Amino acid sequence: MFVPERVWWKPLSRPEKSWLIIALVWCLFLTAMMPLWFVLGRQNVPAETYTVTPQQYREIVDAFTAQYQVDTLNGVPVVEPPAGSDVYLLARQWQWYPILKLKKGTPYRLHISSTDVQHGFSLQPVNLNLQVLPGYDYVAKITPTQAGDYSIVCNEFCAIGHHLMASKLIVTD
């Protein structure tokens, strides 16, 4: 009976050793870059998180909407809060509520929470992505830099009407 020669215990050739060393150094470099990029990178949204019940958050959003509503769009209120204020956005199946109208170049504190299930907040084309969980008020500091209409979509599957969960953020000069 012929047994083929086994090669796994033979010494590595020079090119194999070189590629193995290159791969090891690259892995170490990438491992070191993860915590460094977290600390030094500017991709992290300056944010705070607070606990809040879904009912409390809904009451805050309803009061905010009643105070600053200027219009409606497809039955959803459009609110225009004063420059530099706290703005509130509510995620619920299958809607973002209300539509925000913000001023360009003005910093805002954007509060986001959910009243039912986990949602994903994705602001396009800026590519700002946040997880939205019930029971938590996620506060992100944002400053719109360009006027225009920005799409808001849910990027976390939230049940059968998930594909309908889209809205917009309006930035004016």
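Structure summary
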item: Some residue of segment 60-72 being among the hydroxyl-bearing types (Ser, Thr, Tyr) and not assigned by TED's automatic domain parsing to the domain that holds Val139; result: no
item: So Phe29, is it loosely packed, with under 10 Cβ neighbours inside 10 Å, of a type in the set (Phe, Trp, Tyr) and not assigned by TED's automatic domain parsing to the domain that holds Gln146; result: yes
item: Matching residues in segment 116-161 - criterion: being aliphatic (A, V, I, L, M), over 15 Å from the mean Cα position of the chain (by Cα) and surrounded by 13 or more Cβ atoms within 10 Å (Cβ to Cβ); result: Val117, Ala147
item: Flag if Leu164 is surrounded by fewer than 18 Cβ atoms within 10 Å (Cβ to Cβ), in contact (Cβ under 8 Å) with a residue 60 or more places away in the chain and of a type in the set (A, V, I, L, M); result: yes
item: Wholly within segment 129-173, strands (runs of 3 or more DSSP E) carrying at least 2 residues that are at pLDDT 90 or above and among the aromatic types (Phe, Trp, Tyr); result: 136-142
item: So Ile112, is it crowded, with 18+ Cβ neighbours inside 10 Å and closer than 15 Å to Ile170 by Cβ; result: no
item: Candidates Leu102, Leu133, Leu110, Leu89, filtered to the one that is in contact (Cβ under 8 Å) with a residue 12 or more places away in the chain, in contact with a strand residue (DSSP E or B) (Cβ under 7 Å, 6 or more places away or on another chain) and closer than 12 Å to Ser167 by Cβ; result: Leu89
item: Odd one out for Thr172 among (1) crowded, with 17+ Cβ neighbours inside 10 Å; (2) under 23 Å from Ala83 (Cβ atoms); result: (1)
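The values are calculated or read from the model by the stated rules, or taken from the named source; none is laboratory data. Predicted, not measured: the structure shown is a model, and the values here were computed from it. We place every Cβ from the backbone using ideal geometry, glycine too, and count neighbours over all the protein chains shown.
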